[in-house]
Number of protein chains: 2
Amino acid sequence: MRIGVLGTGTVGQTVALALVRAGHEVRMGARQAGNERAVGWAEEAGAAGSEGTFADATGFGELVVNCTAGTGSLEALAAAGEERLAGKTLIDVANPLDFSTGELRLFACNDDSLGERIQAAFPRARVIKALNTVNAAVMVDPASVPGDHVVFVCGDDDGAKAEATGLLGDLGWPAARVVDLGDITAARGTEMYLPLWLRMMQTFGSATFNIAVTRG
Amino acid sequence: MRIGVLGTGTVGQTVALALVRAGHEVRMGARQAGNERAVGWAEEAGAAGSEGTFADATGFGELVVNCTAGTGSLEALAAAGEERLAGKTLIDVANPLDFSTGELRLFACNDDSLGERIQAAFPRARVIKALNTVNAAVMVDPASVPGDHVVFVCGDDDGAKAEATGLLGDLGWPAARVVDLGDITAARGTEMYLPLWLRMMQTFGSATFNIAVTRG
């Protein structure tokens, strides 16, 4: 399918390339067309990859993936345009991370989340929070970590959730390892996991890890 | 060893009984001596179990476990008395859960945590945050959940951490499944995991689960 990937950072580059390799046509969106990183990415991606503005990528995509930094997500989506997002599945991979004080703070937290803010700001988009609990390399190569570790999805639209789960399958996540936590308010849970993730990353000295859920 | 367990709820009762069964002498502390639940517990526990006030239990214990509700922990520890806590390992199992609005909110969160508040309020106690990421039954019977699932410890005092890890061993947690996240500020991570834990519990319809960490 045609997919718009918003964001030119490591997450955007990694996810966008994996989607091309899975057989999709992907347009990477940035604040301005001709973004150096986006152009470099499109060259690496080949014929199925292209680049443009946030609006270009969103208009191109039948489905959109938000890989912008959490601090810039709402602005990027506003530039993408509410009309262009209407009716589309919007997979939100971003986290509300704020390191401006020198240590990790979530700018949305507790009784709020970035996923909910995005859904509230763009009510006609079908927002699915996903993949935000693992680092970019693990997102697209779950086999790099052993065991039946999981990712989480949540969102208000079951059709969008099924579509997102299918796309996760393209990235190597079998449906049995995609835990559906219900509506978009569960984004609080997966985003508030980040401080634990970060401490584990610091403890292990590596971001190549994930959690499995074991049940009695 | 002699252990004071503060709190007469499910967590206190479960942890205190498991510690007695592991060979320790345990005094359960409540706001007032003669608390009905504490007396019932002490009868079940037998000769190695006793009950009294928070101060009684803390004075009795060479080590203290805070199993009070998070909303009442600082008050309970104040009643226990700073002098009685001085120099002792204080394992903090509580979570800063606030359901007063009808949904889960953490009353300490993001750039703060209950574990840190306790350490700051009782600087001479050696606070170790532990076991707060699993439900009471799993705390004392990790084998009820399959696989190499983990618990986390954090705190500023390495000796106290070793002591706490030993006590976790008594409860069935091998040292290899106790993840040391560093100083007490890591309590932010393990406490902020609770919203994800709660959503998983609701999704699974069971609290008998835990997370394993798999590393590439």
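Some observations on this one:
- Within-13-Å neighbourhood charge of residue A:31 [Cβ basis; K, R +1; D, E -1]: -3
- Between copies, the label points of residue A:123, set 7 Å from Cα on the Cα→Cβ line, lie 5.2 nm apart, reported in increasing order to one decimal in nanometres.
- Here residue A:88 is the anchor, and the lysines within straight C-alpha reach of less than 17 Å, apart from those fewer than 8 places off in the same chain, are A:129, A:161.
- Loss of accessible area when A meets B, both sides summed, Å² nearest 100, probe 1.4 Å: 3300
- Relative to the other identical copies, residue A:87 shows label-point distances of 7.5 nm, where the label point lies 7 Å from Cα along the Cβ direction and values run shortest first.
- Solvent-accessible area, 1.4 Å probe, carbon plus sulfur percent, for segment A:42-140: 49
- Evaluated with a Cβ-only charge set (Lys, Arg +1; Asp, Glu -1), chain A carries a dipole of roughly 240 debye about its Cα centre, given to the nearest 20.
- For chain B, leaving out every one of the GluC sites (Glu not before Pro) that falls in a DSSP loop and has at most 15 other Cβ atoms within 10 Å, the longest unbroken run is B:104-216.
- 10 °C / 1.306 mPa s Stokes-Einstein diffusion coefficient of segment B:96-166, Kirkwood radius on C-alpha pairs, µm²/s: 112
- Electrostatic dipole magnitude of the protein assembly as shown [Cβ: Lys, Arg +1; Asp, Glu -1; Cα centre; debye, to 20]: 300
- Farthest positive-ward along chain A dipole, Cα basis, beta-carbon charges - from A:212, A:14, A:172: A:212
- Global size of segment A:98-215: 14.5, 41 Å for Rg and Dmax (C-alpha atoms, Rg to one decimal, Dmax whole).
- Cα centre as origin, Lys/Arg/Asp/Glu Cβ charges: segment B:1-73 dipole, Debye: 140
- Taking other residues whose beta carbon is less than 13 angstrom from the beta carbon of residue A:179, and scoring Lys, Arg as +1 and Asp, Glu as -1, yields +3.
- Estimated at the nearest 10 Å², the accessible area of residue A:141 is 70 Å² with a 1.4 Å probe.
- Comparing each chain alone with all protein chains together (probe 1.4 Å, DNA, RNA and ligands left out), the residues of segment A:192-211 losing at least 10 Å² of accessible area are A:192, A:193, A:195, A:196, A:199, A:200, A:203, A:204, A:208, A:209, A:210, A:211.
- Residue-normalised accessible area of segment A:1-131, expressed per residue, 1.4 Å probe, Å²: 40
- Across every direction, the projection of the convex hull enclosing the Cα atoms of the protein assembly as shown has a mean area of 20.0 nm².
- Scattering curve values for segment A:1-95, log₁₀ I(q)/I(0), Debye with Cα scatterers, q = 0.10, 0.13, 0.24 Å⁻¹: -0.19, -0.33, -1.21
- Other-copy label distances relative to residue A:2, 7 angstrom Cα-Cβ extension, nm: 7.7
- Scattering profile of chain A at q = 0.12, 0.14 Å⁻¹ [log10 I(q)/I(0), Debye over alpha-carbon scatterers]: -0.57, -0.79
The values are calculated or read from the model by the stated rules, or taken from the named source; none is laboratory data. Computed from a predicted structure; not experimentally measured. As a convention, Cβ positions derive from the backbone with ideal geometry for all residues, glycine included, and neighbour counts pool all protein chains shown. Accessible surface areas use protein heavy atoms only, side chains included; no ligands, DNA or RNA. Shrake-Rupley method; radii C 1.70, N 1.55, O 1.52, S 1.80 Å.
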